[in-house]
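The values are calculated or read from the model by the stated rules, or taken from the named source; none is laboratory data. The structure displayed is predicted, hence computed values, not measured ones. With ideal geometry, Cβ positions are generated from the backbone for all residues, glycine too; neighbour counts draw on all protein chains shown. Remember, those area values only see protein heavy atoms, side chains included, never the ligands or the DNA or RNA. Shrake-Rupley method; radii C 1.70, N 1.55, O 1.52, S 1.80 Å.
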Amino acid sequence: MTFVDAEIASQPDCWRHAADQATGAGTALPRPGERVAAVGCGTSWFMAMAYAGLRERAGHGETDAFQASEFPAGRSYDRVIAISRSGTTTEITDLLGAIDDRRRTTVLVGDPGSPAAQLAGHVVALPYADERSVVQTRFATSVLALLRAHLGEEIAAIAADAEVAVRAPLPINPAMIDQATFLGRGWTVGLAHEAALKCREAATFWSEAYPAMDYRHGPIAIAGPHRMVWAFGDIPDHLADDVAATGAAFVHSRTNGVYAVLDRWAAGRRPLDPMADLVLAQRFAVALAASRGLDPDNPRHLTRSVVRT
């Protein structure tokens, strides 16, 4: 078993731990009404996007998400939340070091002794979710579980969905697909970007991501036989029919795939939470790597952290 396989399988327990941790986060995480910026790089940026959508949807206040290098330095926020597994990424440490009032900054990090943890005013450490694999899975989703719990969401049911996702058959055979597009709406746009990134990282596979409403404004032109469209959460009316007309495979929790063969979720019962659906997409990416003869623990051109020397 690869490191990433084991880390994917450990996510339900990590999410439960994160939910418990959220109850003691105190002033480290934003209060309702604060104006918040969430920042990260790569996978962490996509989790920041998901959190921003969820926080605004929950009515907790204006929340923006930025890639750390693109943070608008002249804009004022009550709180800057930085997400960084290693706590060493240059864009994150540069940003935290440039904010004068450290009391406004919080880092969610795997290593509490990292440079980012030394620079931030508040630290929420998740060492139990840190990873050996270059490809991020459980750290990112555990951060999002913690933030969702802090927003008042019930993580126990979501973790139960993840238990299904780590064991269920994949909704499609990766060996039959030569291109994948992932779609989301609202907070799940970040999940779509993350699923596409996992395919590129683990399997050097052609994958893209878009807001679901924008998909028919051009990107659908590449859909066809032996290609796949995987949608997270709510989807626009008739999207499934439009994808089917191209000959591409369509995967969606309320439409088809693994859910149809699991009695617990079939026949009108609730679909998997989109974050658990992301677990399936992570597994799909690892299976893609295997089908292409690649080692997902050693993706080409990548390291665990991007540090400028």
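Brief remarks follow.
- When +1 charges are put on Lys and Arg Cβ atoms and -1 charges on Asp and Glu Cβ atoms, the dipole computed for the chain relative to its Cα centre reaches about 120 debye.
- Ranked by the mean number of other Cβ atoms within 10 Å of their residues, highest first, the peptides 93-99, 177-183 fall in the order 177-183, 93-99.
- Residue-normalised accessible area of region 1-114, given per residue in Å² at a 1.4 Å probe: 40
- Rounded FRET efficiency, nearest 0.05, which uses the C-beta distance separating residue 56 from residue 20 and R0 of 30 Å: 0.75
- Look at the Cα gyration tensor of region 114-171: its axes a ≥ b ≥ c give a/c of at least 1.5 with a/b at or below b/c, and that counts as oblate.
- Here the relative contact order of region 130-246, from alpha carbon pairs under 8 Å that lie six or more residues apart, stands at 25 percent.
- Taking region 26-161 and dividing mean pair separation by its residue count, relative contact order in percent (alpha carbons under 8 Å, at least six apart): 22
- Only DSSP H runs of four or more residues enter the estimate; each adds -39500 (n - 2.57), and after division by the residues of the chain the mean residue ellipticity at 222 nm equals -11500 deg cm²/dmol.
- Accessible area per residue (1.4 Å probe, heavy atoms of protein chains only) ranks 66, 205 as 66, 205, with the largest value leading.
- Solvent accessible area, Å² - residue 153, 1.4 Å probe, full protein context: 50
- Calculated P(r) of region 177-222 - Cα pairs past 11 Å, %: 62
- Cβ-defined net charge surrounding residue 37, 10 Å radius [Lys, Arg +1; Asp, Glu -1]: +1
- Of the residues 166, 279, ranked by 1.4 Å probe accessible area with the largest first, the sequence reads 166, 279.
- Per residue, the solvent-accessible area of region 166-232 (1.4 Å probe, heavy atoms of protein chains only, all protein chains present) comes to 37 Å².
- Taking all protein chains together and rolling a 1.4 Å probe, residue 44 ends up with roughly 0 Å² accessible.
- Placing a pseudo-label 7 Å from each Cα along the Cα-to-Cβ vector at residue 128 and residue 170 gives an inter-label distance of 3.0 nm.
- The simple Förster model, with R0 at 41 Å and r as the Cβ-Cβ distance, assigns residue 94 and residue 295 a FRET efficiency of 0.80.
- Relative contact order [Cα under 8 Å, 6+ residues apart], the chain, whole percent: 20
- Of 84, 10, 76, the residue with the largest accessible area leads and the full order is 76, 10, 84 (1.4 Å probe).
- Where trypsin sites (Lys or Arg not before Pro) in DSSP loops with at most 12 other Cβ within 10 Å are excluded, longest remaining stretch of the chain: 168-263
- About its Cα centre, region 173-250 has a charge dipole of approximately 160 debye under the convention of +1 per Lys or Arg Cβ and -1 per Asp or Glu Cβ, with nothing else charged.
- Contour excess over end-to-end distance, with Cα ends at residue 214 and residue 237 and 0.36 nm allotted per residue: 7.0 nm
- Simple spin-label estimate for residue 244 and residue 157 in nanometres, 7 Å along Cα-Cβ: 2.9
- Among the protein heavy atoms of region 124-237, carbon and sulfur supply 53% of the accessible surface, probe 1.4 Å, non-protein parts ignored.
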